[in-house]
Amino acid sequence: MLEARLSQSMVLKKVVDAIKDLVQDCNFDCNDSGIALQAMDNSHVALVSMLLKAESFEPYRCDRNIALGVNLVSLTKVLRALQNDDLVTLKADDAPDSLNITFESSTADRISEYDLKLMDIDQEHLGIPDTEYAATVTMPSTEFKRICTDLQAMSESVTIEATKDGIKFSCAGDIGNGAVTLRNYQNVEKEHLNVDIELTEPVSLTFSLKYLVNFCKAQPLSDRVKICLSNEVPLLVEYLITGTSYLRFYLAPKVRD
Amino acid sequence: EAGQGNIMSFFSKK
């Protein structure tokens with residue numbers, strides 16, 4: 001059986017809020033190392049990969065592999081009841097038809113209990129190879145969100161170009177062109193504002209802004225975001241959750257004419 | 001969408 005108690009319960013709500021507009025039904029795959037999720041959007045353009053490691057929970061117990069087939073719209077309805085500082089506990093049998101979710105207030109004077117019906121979801125799992133990316137950019141997640149949102153107002157796609165001069169986000173739309181360039185930036189006192197660009201070779205790729213803006217719904221999870229690029233492979237956008245738990249988005253590049 | 005790559009063509013099925 002699964003029993004997992006999360007003290008940073010808002011993490012669960014933020015993860016679901018971040019992915020529910022991209023995927024609707026998905027399996028939460030539970031085993032002794034934690035709770036994982038992998039799902040593609042309907043058009044098979046983007047892939048979501050999440051891992052909440054066992055050490056993010058206290059206690060965490062999962063004796064055997066359990067797939068929790070969850071409709072995220074339904075889970076969102078249950079998570080509406082979650083309040084800041086609540087402890088959340090997930091419980092399920094070995095072959096569950098429902099997921100038991102308990103919210104406890106930090107003062108333990110309120111316990112809310114929900115049973116969410118589960119579904120059988122036949123999902124294809126993709127093997128994601130370890131990739132040495134040509135460019136890795138770590139930057140404030142709010143900045144990335146602002147750039148994507150601003151450029152989406154002008155165009156449906158963005159070209160991301162990483163060179164020794166920095167990383168350039170540019171777009172061309174009916175009303176004109178726009179571009180934002182970021183350079184390496186170090187702020188010793190406010191490290192969350194740093195822009196770190198690691199480059200092994202120049203990269204230029206074009207992506208749909210609709211998906212990037214969607215990924216930015218994960219911004220409340222972390223004040224930093226990591227963007228990894230290599231020519232001709234999907235973009236990786238990563239938000240670290242707690243410790244080494246993560247939420248990753250992969251986006252297939254646009255095909256050049 | 002025209003010109004949009006498919007994620008399944010980059011990652012192998014398990």
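The values are calculated or read from the model by the stated rules, or taken from the named source; none is laboratory data. Everything numeric in this text was worked out from a predicted model, so none of it was measured. Every residue, glycine among them, receives a Cβ derived from its backbone with ideal geometry; neighbour counts consider all protein chains shown.
Looking only at residues that are polar (S, T, N, Q) and surrounded by 19 or more Cβ atoms within 10 Å (Cβ to Cβ) in the range A:222-257, which one is nearest to A:PHE57 (Cα to Cα)?
The selected residue is A:SER245.
Quickly run through the range A:1-36 and pick out the residues that are part of a strand (DSSP E or B) and β-branched (Val, Ile, Thr). Please lay out each step first, then the result.
Filtering the range A:1-36 down to residues part of a strand (DSSP E or B) leaves A:2-6, A:25-31, A:34-36.
Passing the criteria: only A:ILE35.
Kindly provide the set of residues from the range A:225-257 that are closer than 18 Å to A:ILE167 by Cβ, facing another protein chain (nearest Cβ under 10 Å) and not in a loop (DSSP other than H, G, I, E, B), ordered by number.
A:LEU251, A:LYS254
When you scan the range A:30-40, do you find a residue that is within 30 Å of A:GLU201 (Cβ to Cβ) and surrounded by 20 or more Cβ atoms within 10 Å (Cβ to Cβ), even just one?
Yes.
Part of a strand (DSSP E or B) and either in contact with a Pro (Cβ under 9 Å, 6 or more places away or on another chain) or at pLDDT below 95 (or both) - does that describe any residue in the range A:131-144? Break it down stepwise before answering.
Here is the first cut: in the range A:131-144, the residues part of a strand (DSSP E or B) are A:135-140.
Of the ones still in play, those that are also either in contact with a Pro (Cβ under 9 Å, 6 or more places away or on another chain) or at pLDDT below 95 (or both) are A:135.
Yes - at least one qualifying residue is present in the range A:131-144.
Among the candidates A:THR163, A:THR138, which residue alone is in contact with a strand residue (DSSP E or B) (Cβ under 6 Å, 6 or more places away or on another chain) and within 30 Å of A:GLU201 (Cβ to Cβ)?
A:THR138
Does the range A:198-207 contain any residue that is part of a strand (DSSP E or B), closer than 20 Å to A:MET154 by Cβ and in contact with a helix residue (DSSP H, G or I) (Cβ under 9 Å, 6 or more places away or on another chain)?
no
Give the residue, chosen from A:GLN219, A:GLN186, that is surrounded by fewer than 15 Cβ atoms within 10 Å (Cβ to Cβ) and either closer than 14 Å to A:THR138 by Cα or in contact with a helix residue (DSSP H, G or I) (Cβ under 9 Å, 6 or more places away or on another chain) (or both).
Criteria check complete, one pass: A:GLN186.
For the range A:87-146, which positions are under 30 Å from A:HIS192 (Cα atoms) and within 14 Å of chain B (Cβ to nearest Cβ)? Talk me through it step by step, then tell me what you get.
First pass over the range A:87-146, keeping only residues under 30 Å from A:HIS192 (Cα atoms): A:87-88, A:106, A:128-146.
Scanning the range A:87-146 gives A:ILE128, A:PRO129, A:ASP130, A:THR131, A:TYR133.
Can you pull out the residues in the range A:215-247 that are under 21 Å from A:CYS171 (Cβ atoms) and out of contact with any Phe, Trp or Tyr (no Cβ under 8 Å at 6 or more places or on another chain)?
Hits for the range A:215-247 are A:LYS217, A:ASN231, A:GLU232.
Only one of A:ALA67, A:ALA108, A:ALA39 is part of a loop (DSSP other than H, G, I, E, B) and of a type in the set (A, V, I, L, M, F, W, C); which?
Going through A:ALA67, A:ALA108, A:ALA39 in turn, just one is part of a loop (DSSP other than H, G, I, E, B) and of a type in the set (A, V, I, L, M, F, W, C): A:ALA108.
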